[in-house]
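To start, the structure under review is shown below, and the notes come after it.
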Amino acid sequence: MERRPFGNTGVEVSAISLGCWPFGVDWWGHYDQNRCNELCNFANNLGITFFDNGDAYGNGRAEEQFGVWLKQSGLRRDQVEIGGKVGYDFYSDPGEFGSHRERKHDFSPAFVRKALEASLKRLQTDYIDVYMAHNIKLPQFRDDFFAELEKVKDEGKIRCWGVSLGPAIGWREEGFKAMLDHGAKAVQTVFNMFEQHPGRELCETAIACKAGVLARVHDNSSILKDIVKIDTTIGENDHRKFRDDAWKVYGLKKLELVRHYASDHGMNVHELACKWLLQQKGLTAITGTLLNEKEIQEAANACDKPNLSRTELQEIFDQYENDFGLGDAAHPCDIKSSVTPEGRERSGYKASSVLIA
């Protein structure tokens, strides 16, 4: 398993991370403690040491299950890296179980302290390796919040910090500002072969700032796992219901246009999707929603698969820039940002009310 650093922080993680989101929600079926243990053990046996978690995943449930696994695993704390998140005040706004609604945000220093201590208790650890502001937007940026993150880092409660962007694709300005103005060393964003922006720009900025990028939704919401068909029904509780029809219709057409790159290199399309990401300069890790042993194995396999050539990488980028020759309807969803292309803050900007990826 390849290992990569977060810039100049001294924090190094496995290039593939097991996302713990499924342990907290039932959108992909119920993952009880035994299933959590099985998947974490399977991933760790493949060399995956980085586990991306968040306190809002099931209002603490994903952290609790991971904490139990970590205690039972027999691993030393320095043999794993934990990703954590802060910002959703589910203590006063718990929401409804299974809901996709964003809950109340709080980025005050007092809340950071409260939420961090609660996360550490649930995770059964005394520090978090990578701590991120969960779906923070420009109007929520505040100097005392970032100063508090620096304080808890100095106290050894976290090792580095950053921002997790969303809930949808976009919010590039938040990523830029976090790294350039506030010293964030980690940016997590939607990034995959069919949704390359703003991930590519954020990677370039991360290199300049000696930071690292984490790719989420690496599979274009399962299109690049090759498990979605044209007649696949998206259920009412499925987070993909917020995708427009073009995501599936044109995603499947794009898939057929890149499939030969996988077969040319002896891999399947999920492995190709991971390999492509691993070759993006500035990327530290793929924080994948990997739902079973097969998907975990495929992501891990990508580390050892042959690299795509520079010519092939350019071909894929050129196809992406041209919407794979499929016309405007195949263009990825618009970048959802709080800033206009001219650089002005949108006066009517509202945070998305749903969690789509």
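The values are calculated or read from the model by the stated rules, or taken from the named source; none is laboratory data. Being a predicted model, the structure only gives us computed values, none of them experimental. So basically every Cβ, Gly included, is an ideal-geometry build from the backbone, and we count neighbours across all protein chains shown. Each accessible area value is taken on the protein alone, full model and side chains, heavy atoms only, with ligands, DNA and RNA left out. Shrake-Rupley method; radii C 1.70, N 1.55, O 1.52, S 1.80 Å.
General observations
- Residue match in the stretch 316-331 (condition: touching a strand residue (DSSP E or B) at 6+ places or on another chain (Cβ under 6 Å), open to solvent by less than 50 Å² (accessible area, probe 1.4 Å) and either modelled with pLDDT under 95 or assigned to a strand (DSSP E or B) (or both)): no
- Residue-level check: of (1) within 26 Å of Leu165 (Cβ to Cβ); (2) not hydroxyl-bearing (Ser, Thr, Tyr); (3) not in a loop (DSSP other than H, G, I, E, B), Asn220 misses just (3).
- Residue in the stretch 297-304 that is closer than 30 Å to Leu39 by Cβ, open to solvent by 50 Å² or more (accessible area, probe 1.4 Å), modelled with pLDDT of 90 or more and assigned to a loop (DSSP other than H, G, I, E, B) present: yes
- Members of the stretch 13-28 that are in contact (Cβ under 8 Å) with a residue 60 or more places away in the chain, part of a helix (DSSP H, G or I) and open to solvent by less than 10 Å² (accessible area, probe 1.4 Å): Pro22
- Helices (runs of 4 or more DSSP H) contained in the stretch 60-154 and holding at least 1 residues under 20 Å from the mean Cα position of the chain (by Cα) and under 22 Å from Val190 (Cβ atoms): 61-73
- The residue of the stretch 197-217 that is nearest to the chain's Cα centre (by Cα), among those that are assigned to a loop (DSSP other than H, G, I, E, B) and buried (at least 18 other Cβ atoms within 10 Å of the Cβ), is Val217.
- Selection within the stretch 123-155: residues that are basic (Lys, Arg) and surrounded by 17 or more Cβ atoms within 10 Å (Cβ to Cβ). The member of this set that is nearest to Ala178 (Cα to Cα) is Lys137.
- Test: residue in the stretch 29-47 that is in a loop (DSSP other than H, G, I, E, B) and charged (D, E, K, R): yes
- Applying the condition of being small (Gly, Ala, Ser) and not in a strand (DSSP E or B) to the stretch 181-196 and asking which residue is nearest to the chain's Cα centre (by Cα) yields Ala184.
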